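Engineer: This structure is in structure tokens; I'll ask about it shortly.
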Amino acid sequence: MKRFYTSLLTILIFSIQACSDKTQVDLETELTEVVKVLDNFNKAHEDRNLDLLMTCFSDKSDIIILGTDENELYVDKISMGKSQKRAYETFETIKLSIRDKVLKMCQDGRQAWFYMKVNWYVESGDSQYIFDGIRTTGVLEKENDKWKIVQLHTSMPVQGQAVNY
């Protein structure tokens, strides 16, 4: 019986240590890596570089990408990439101005989320378009030691307020 309790106590101690073992994560370093992904995301658009853009997104089959156009709902990066390729072929110039960036991270350093406002300047043919204050939010996860976007949502705010607050 003594052996049983000794074995049980040993297993219990190892179990408690395993559950309470929290590997220290350098959140500042992880945030720096997240910023690099977001910078690549923006650079990919300005350079119309589809290959760079694709590296920003997860290969998972359960991601969600929601753009500003009504039909821009993608649940994988391949379909988003096909659509983005057509857009890049249409635009001669894309310039982005990023402001109001907010980054947050889980304490375990495995998931991060962001918000940023993006001003878009686009030239297509003889036309120029300016889209101010495009709200962009998203979630990134660390996969195989690399940060990848798993959820992205862009929206264009309406002018005025429905209700004063």
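Engineer: Look at Thr93 and say whether it is loosely packed, with under 12 Cβ neighbours inside 10 Å, over 14 Å from Asp51 (Cα atoms) and not charged (D, E, K, R).
Structural biologist: yes
Engineer: Do we have Phe14 as at pLDDT 95 or above and of a type in the set (Phe, Trp, Tyr) here?
Structural biologist: no
Engineer: Could you list all residues from region 99-113 that are exposed (fewer than 14 other Cβ atoms within 10 Å of the Cβ) and either aliphatic (A, V, I, L, M) or under 16 Å from Cys56 (Cα atoms) (or both)?
Structural biologist: If the condition is that a residue be exposed (fewer than 14 other Cβ atoms within 10 Å of the Cβ) and either aliphatic (A, V, I, L, M) or under 16 Å from Cys56 (Cα atoms) (or both), then Val102 is the only one that fits.
Engineer: Mind listing whichever residues of region 23-65 are within 25 Å of Pro157 (Cβ to Cβ) and over 12 Å from the mean Cα position of the chain (by Cα)?
Structural biologist: Hits for region 23-65 are Lys43, Ala44, His45, Glu46.
Engineer: What is the residue count in region 67-114 for residues that are closer than 18 Å to Glu33 by Cβ and either of a type in the set (Lys, Arg) or in contact with a strand residue (DSSP E or B) (Cβ under 8 Å, 6 or more places away or on another chain) (or both)?
Structural biologist: 13
Engineer: Can you go through Ser79, Ser58, Ser83 and tell me which one is at pLDDT 95 or above and among the small types (Gly, Ala, Ser)?
Structural biologist: Ser58
Engineer: To continue, here is another question. Being polar (S, T, N, Q) and assigned to a loop (DSSP other than H, G, I, E, B) is the filter here, so list the residues in region 101-131 that pass it.
Structural biologist: Within region 101-131, just Gln107 meets the criteria.
Engineer: Pairs only if they're at least six apart or on different chains, beta carbon under 9 angstrom, first in region 85-108 and under 20 Å from Ile130 (Cα atoms), second surrounded by fewer than 12 Cβ atoms within 10 Å (Cβ to Cβ) and modelled with pLDDT under 95; list them, first residue then second.
Structural biologist: Note: pairs meeting the criteria are Thr90/Gly125; Glu92/Gly125.
Engineer: Next question, about the same structure. Name the single residue, out of those in region 65-83 being surrounded by 15 or more Cβ atoms within 10 Å (Cβ to Cβ) and hydrophobic (A, V, I, L, M, F, W, C), that is nearest to Lys148 (Cα to Cα).
Structural biologist: Top of the filtered list is Ile65.
Engineer: So, one more: Considering only region 121-156, state which residues are among the aromatic types (Phe, Trp, Tyr), modelled with pLDDT of 95 or more and farther than 22 Å from Ser58 by Cα.
Structural biologist: Listed by number, the list holds a single entry, Tyr121.
Engineer: Going through region 140-157 one residue at a time, which ones are without any contact (Cβ under 8 Å) to a residue 60 or more places away in the chain and in contact with a strand residue (DSSP E or B) (Cβ under 8 Å, 6 or more places away or on another chain)?
Structural biologist: Pro157
Engineer: Let me ask something additional. In region 132-144, which residues are touching a Phe, Trp or Tyr at 6+ places or on another chain (Cβ under 8 Å), under 11 Å from Arg110 (Cβ atoms) and either of a type in the set (D, E, K, R) or assigned to a loop (DSSP other than H, G, I, E, B) (or both)?
Structural biologist: Of everything in region 132-144, just one residue is touching a Phe, Trp or Tyr at 6+ places or on another chain (Cβ under 8 Å), under 11 Å from Arg110 (Cβ atoms) and either of a type in the set (D, E, K, R) or assigned to a loop (DSSP other than H, G, I, E, B) (or both), namely Glu141.
Engineer: Can you tell me which residue is farthest from Ser97 (Cα to Cα) among those in region 24-55 that are at pLDDT 95 or above and in a loop (DSSP other than H, G, I, E, B)?
Structural biologist: If we take residues in region 24-55 being at pLDDT 95 or above and in a loop (DSSP other than H, G, I, E, B), then Asn49 is farthest from Ser97 (Cα to Cα).
The values are calculated or read from the model by the stated rules, or taken from the named source; none is laboratory data. For clarity, every value in this text was computed on a predicted model and none was experimentally measured. Note: ideal-geometry Cβ built from the backbone for every residue, glycine included; neighbour counts use all protein chains shown.
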